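*Asks:* Could you have a look at this structure, given as C-alpha cells, before my questions?
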C-alpha cells in the first residue's frame, strides 16, 4: 500500500461514526400522507404535491412555500392536457366553486410570479394560481375539504379530474414543522401568536459567477466541475449553507448530470476567505474509502446533515444511500444502506439493507 493510499484510508476512517447524533434523524425518504407527498429543496423551500391520473389525462397539484418568514404559499397546477385558449379552468371543493381562471389570463400572468429558487416544475403545461386572495382561498378550502374538482377546457368536452384532499392537512403540517413555523403567525395548519421567522435555510447559488474567488477556484480545479451549462447549473439546487464561526458550506454540482444521478462537491469556506474541498467516507467490501463526490446531495439545515443517493437505475430501486453529519470540521458517515438488485421492484429506501453501522452476525 502506498503512502497516499494509507492517507486516504486513514482519512476515511476518521470520517466514520457509529454514534447516533442526539437530534432526531430525518427519514431516508420523506413521508407520504394518503396521496400526498412532501419534500424540501436544499435551500429550505418545501412543497406538498398530489398527482392524479384519469385515463390519458393527469393533473399535478403542488403547494410550495419558500423559507423566508413572509413567504406566502404558492399553488401550481400542471396538466398534460391541451387546453383551449378561450376556455376556463374551474376549481371546486366538495361541489362549491372556489375560483375560475380563463386560460388566456393565466398564461399572461405566469411571468409575473417568481418561483422560489430550487423549484423544478414537472412536465406538461403548468400554471401558478394568482398569488394573494385567490391562493389563500384555494389553500383554505383544500385544508377543510374532501375532494378538489379540476375542470379543464379541452377541445371536445371539459375534462374533469377529482383530486382527493385527504392528507392535505398532514402534508402542510409537515411543512410547518420542517420550516419551524408551528405556533407562529405564519403557520398554515398550526398557527399561534409567535412572530414569523425565517425557516432554517441555505442561500441558493444560481451561478458559479456569484461564488467567492477561493470557492470558485476549488470548484473549477476539481475534475470537470465547470463543464456544465449555466442554465443547468441554476436548476440543480446548489446552495451556500451558513455554519458556525461565520463559515460556509457550499454544495455545488460537479459536471453535467446523467439521466438519474447528479454529482456534487462540498467545499468549506472560512470567514478569512480560505476554502477547501471536503471528503466523505463511503463503505466498500474492503473497508472505508474517502470520496470527493456526493450524488444527488440533499442538505438538512437543522440537523446539519447531507444525504447522498447514487441511483443504480431510473426507478431508484437499487444503489447506495448515505447519511453524513457535520461535526464542525468534517462530515462523518453515520449511516449507509444499499440494494444491489436492479429488478424493477419499487423497494423504498427504508427497506434497504443497512451496511453501516455494520450489523453484528448472530452466528
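The values are calculated or read from the model by the stated rules, or taken from the named source; none is laboratory data. Quick caveat: nothing in here was measured; it's all calculated off a predicted structure. Because the Cβ atoms are built from the backbone with ideal geometry, glycine has one as well, and the counts that use them run over all protein chains shown.
*Asks:* Given (1) under 29 Å from residue 247 (Cβ atoms); (2) touching a strand residue (DSSP E or B) at 6+ places or on another chain (Cβ under 9 Å), identify the lone condition not met by residue 163.
*Replies:* The failed condition is (1).
*Asks:* Kindly check whether there is at least one residue in the stretch 165-180 that is more than 30 Å from residue 94 (Cβ to Cβ) and not assigned by TED's automatic domain parsing to the domain that holds residue 243. Quick ask: steps written out before the conclusion?
*Replies:* Start the filter on the stretch 165-180 by keeping residues that are more than 30 Å from residue 94 (Cβ to Cβ), which leaves 180.
So of that shortlist, the ones also not assigned by TED's automatic domain parsing to the domain that holds residue 243 come out as 180.
Checking the stretch 165-180: at least one residue is more than 30 Å from residue 94 (Cβ to Cβ) and not assigned by TED's automatic domain parsing to the domain that holds residue 243.
*Asks:* Further question on the same structure: For the stretch 133-143, which residues satisfy the criterion of being touching a strand residue (DSSP E or B) at 6+ places or on another chain (Cβ under 8 Å) and closer than 12 Å to residue 172 by Cα?
*Replies:* Step one: list which residues in the stretch 133-143 are touching a strand residue (DSSP E or B) at 6+ places or on another chain (Cβ under 8 Å), which gives 134-135, 137-139, 141-142.
Once the filter is applied, which keeps residues that are touching a strand residue (DSSP E or B) at 6+ places or on another chain (Cβ under 8 Å) and closer than 12 Å to residue 172 by Cα, the stretch 133-143 yields 139, 142.
*Asks:* Follow-up. Any residue in the stretch 250-269 that is farther than 30 Å from residue 317 by Cα, modelled with pLDDT of 95 or more and more than 16 Å from the chain's Cα centre (by Cα)? I'd like the intermediate steps shown before the answer.
*Replies:* First, the residues of the stretch 250-269 that are farther than 30 Å from residue 317 by Cα: 268-269.
Then drop every residue that is not modelled with pLDDT of 95 or more, which leaves 268-269.
Subsequent filtering for residues that are more than 16 Å from the chain's Cα centre (by Cα) retains 268-269.
Yes, the stretch 250-269 has at least one match.
*Asks:* Given 245, 176, which one is on the phi > 0 side of the Ramachandran plot and in a helix (DSSP H, G or I)?
*Replies:* Result of the check over 245, 176: 245.
*Asks:* So, in the stretch 82-96, of the ones that are outside any strand (DSSP E or B) and surrounded by fewer than 18 Cβ atoms within 10 Å (Cβ to Cβ), which residue ends up nearest to the chain's Cα centre (by Cα)?
*Replies:* To start, the set of residues in the stretch 82-96 that are outside any strand (DSSP E or B) comprises 82-87, 94-95.
Filter again for surrounded by fewer than 18 Cβ atoms within 10 Å (Cβ to Cβ), leaving 82, 84-87, 94-95.
Numbers: 82: 29, 84: 33, 85: 33, 86: 36, 87: 34, 94: 31, 95: 33 Å.
That would be 82.
*Asks:* Please indicate, with yes or no, whether at least one residue in the stretch 123-141 is closer than 17 Å to residue 37 by Cα, assigned to a loop (DSSP other than H, G, I, E, B) and touching a helix residue (DSSP H, G or I) at 6+ places or on another chain (Cβ under 8 Å).
*Replies:* Taking the stretch 123-141 and keeping what is closer than 17 Å to residue 37 by Cα, we get 139.
Right, trim to assigned to a loop (DSSP other than H, G, I, E, B) and you get none.
There is no residue in the stretch 123-141 that is closer than 17 Å to residue 37 by Cα, assigned to a loop (DSSP other than H, G, I, E, B) and touching a helix residue (DSSP H, G or I) at 6+ places or on another chain (Cβ under 8 Å).
*Asks:* I've got another one for you. Does residue 134 satisfy being at pLDDT below 95 and outside the structural domain of residue 296 (by TED's automatic domain parsing)?
*Replies:* On the way: at pLDDT below 95: no; outside the structural domain of residue 296 (by TED's automatic domain parsing): yes.
No.
*Asks:* If we keep just the residues of the stretch 158-187 that are farther than 30 Å from residue 251 by Cα and touching a helix residue (DSSP H, G or I) at 6+ places or on another chain (Cβ under 7 Å), which is surrounded by the most Cβ atoms within 10 Å (Cβ to Cβ)?
*Replies:* 168
*Asks:* Another question, then. Can you pull out every residue in the stretch 148-157 that is surrounded by fewer than 14 Cβ atoms within 10 Å (Cβ to Cβ) and either without any contact (Cβ under 8 Å) to a residue 60 or more places away in the chain or not assigned by TED's automatic domain parsing to the domain that holds residue 50 (or both)? Show your work before the answer.
*Replies:* In the first step, residues of the stretch 148-157 are kept if they are surrounded by fewer than 14 Cβ atoms within 10 Å (Cβ to Cβ); the result is 155-157.
Within the stretch 148-157, 156, 157 meet the criteria.
*Asks:* Test of understanding: among 109, 129, which residue is in contact (Cβ under 8 Å) with a residue 24 or more places away in the chain and either assigned by TED's automatic domain parsing to the domain that holds residue 63 or over 16 Å from residue 62 (Cα atoms) (or both)?
*Replies:* On the way: 109 fails: in contact (Cβ under 8 Å) with a residue 24 or more places away in the chain.
The unique qualifying residue is 129.
*Asks:* Of all residues being assigned to a loop (DSSP other than H, G, I, E, B) and touching a strand residue (DSSP E or B) at 6+ places or on another chain (Cβ under 7 Å) in the stretch 110-120, which is surrounded by the most Cβ atoms within 10 Å (Cβ to Cβ)? Just the residue, please. If you could, list the steps in order and put the result at the bottom.
*Replies:* Here is the first cut: in the stretch 110-120, the ones assigned to a loop (DSSP other than H, G, I, E, B) are 113-120.
Subset that is touching a strand residue (DSSP E or B) at 6+ places or on another chain (Cβ under 7 Å): 113, 116-119.
Values: 113: 14, 116: 19, 117: 20, 118: 23, 119: 18.
Once the filter is applied, the top-ranked residue is 118.
*Asks:* Also, quick follow-up: Looking only at the stretch 224-241, count every residue that is out of contact with any helix residue (DSSP H, G or I) (no Cβ under 6 Å at 6 or more places or on another chain) and either free of Cβ contacts under 8 Å to residues at least 40 places away in the same chain or part of a helix (DSSP H, G or I) (or both) and tell me the total. Before you say what the answer is, go through the steps one by one.
*Replies:* To start, the set of residues in the stretch 224-241 that are out of contact with any helix residue (DSSP H, G or I) (no Cβ under 6 Å at 6 or more places or on another chain) comprises 224, 227-241.
Going one step further and asking which of them are either free of Cβ contacts under 8 Å to residues at least 40 places away in the same chain or part of a helix (DSSP H, G or I) (or both), we end up with 224, 227-234, 236, 240.
Residues meeting the conditions: 11.
*Asks:* Now a separate question. Given (1) in contact (Cβ under 8 Å) with a residue 24 or more places away in the chain; (2) within 23 Å of the chain's Cα centre (by Cα); (3) not in a loop (DSSP other than H, G, I, E, B), where does residue 162 come up short, assuming only one miss?
*Replies:* Evaluating residue 162 over (1) in contact (Cβ under 8 Å) with a residue 24 or more places away in the chain; (2) within 23 Å of the chain's Cα centre (by Cα); (3) not in a loop (DSSP other than H, G, I, E, B) leaves (2) as the failure.
*Asks:* Determine whether residue 358 is without any contact (Cβ under 8 Å) to a residue 12 or more places away in the chain and either out of contact with any helix residue (DSSP H, G or I) (no Cβ under 7 Å at 6 or more places or on another chain) or assigned by TED's automatic domain parsing to the domain that holds residue 282 (or both). Break it down stepwise before answering.
*Replies:* On the way: without any contact (Cβ under 8 Å) to a residue 12 or more places away in the chain: yes; either out of contact with any helix residue (DSSP H, G or I) (no Cβ under 7 Å at 6 or more places or on another chain) or assigned by TED's automatic domain parsing to the domain that holds residue 282 (or both): yes.
So residue 358 fits the description; yes.
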